[in-house]
Amino acid sequence: MKVKLTAKQEAFTHAYGKMMNASAAYRKVYDTKRMTSKSVNESASHLLKNPKVAARISEIVGKASEVAVIEIKKTLREIAKIAYVDLGNICDARGIPLRLNEMDEDTRGAIASYKVTTTTTGSGPTAQVRVTYKIKLWDKLKALDMAMRYHGLYERDNNQATNAVARYFGVPGKTN
């Protein structure tokens, strides 16, 4: 259920949703030239306490956070395609590269470039056709590094190393 707000209140809710700062959002929407910073802060705070404005802000921020979560999942999915690509999915049983439309989506997502070159030598029945494939993958190590950072695995590794050194040298409080 959409709440009815004035045009300025609606503009304030959108500005607040982008900035997450009530005073800055208030300054963007309202004329504050003759107001002190204290007055702007108080007016913005008062506006935030308005139940209709607060409800609309919750609605806007809620939608934005849903979109952000979807984008994060999509980004992580793309990193995973690169990090976990199986080269066996690029070729058929004879070792000949598949066409892009024959590969699964995850494998295609790991490919940076795909080039097929056909050269013919000779002519007629003795002509020889040579097909060359150049397939370049995105940087797998970089994708794995990004995944490690996202999951905080370097921090865990650093803590383990620090704790192992501390245990070796007998530093109190660093033995977990």
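Just so you know, all these numbers are worked out from the coordinates, no wet-lab data involved. Predicted, not measured: the structure shown is a model, and the values here were computed from it. Note that each Cβ is placed from the backbone with ideal geometry, even for glycine, and that neighbours are counted across all protein chains shown.
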Requested in this report: Using only Cα atoms, find the angle between the long axis of helix 51-83 and the longest principal axis of the chain, and express it within 0 to 90 degrees, rounded to the nearest 10.
Outcome: 20 degrees
Report summary line: Listed by chain and number, the aspartates and glutamates with an alpha carbon less than 19 angstrom from that of LYS142, same-chain partners under 8 positions apart left out, are GLU78, ASP86, ASP106, GLU155, ASP157
Requested in this report: Using only Cα atoms, tell me the angle between helix 140-150 and the longest principal axis of the chain; keep it within 0 to 90° and round to the nearest 10.
Outcome: 30 degrees
Report task. Round to the nearest 0.05 the FRET efficiency obtained for ILE70 and ARG99 when R0 = 35 Å and r is the Cβ-Cβ distance. Result -> 0.70
Query - Longest to shortest principal axis, alpha-carbon extents of the stretch 1-153, angstrom - result: 88, 40, 33
Requested in this report: Extending each Cα 7 Å along its Cβ direction at LYS134 and TYR114, get the distance between those two points in nm, one decimal.
Outcome: 1.7 nm
Query raised in the report: Taking θ as phi - 60°, what are the ³J(HN,Hα) couplings along the stretch 96-111 by the Karplus curve (6.51, -1.76, 1.60), each to the nearest whole Hz, with x for Gly and Pro?
Result: 8, x, 6, 6, 4, 6, 8, 8, 6, 4, 5, 5, 4, x, 8, 8
Requested in this report: For a footprinting-style exposure proxy, rank THR119, THR75 by other Cβ within 10 Å, fewest first.
Outcome: THR119, THR75
Report task. Quick one: dipole size for the chain, taken about the Cα centre, charges +1 on Lys/Arg Cβ and -1 on Asp/Glu Cβ, in debye to the nearest 20. Result -> 820 debye
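Quick one: divide the alpha-carbon radius of gyration of the stretch 7-82 by 2.2 N^0.38 Å and tell me what you get.
Normalised by 2.2 N^0.38 Å, the Cα Rg of the stretch 7-82 equals 1.43.
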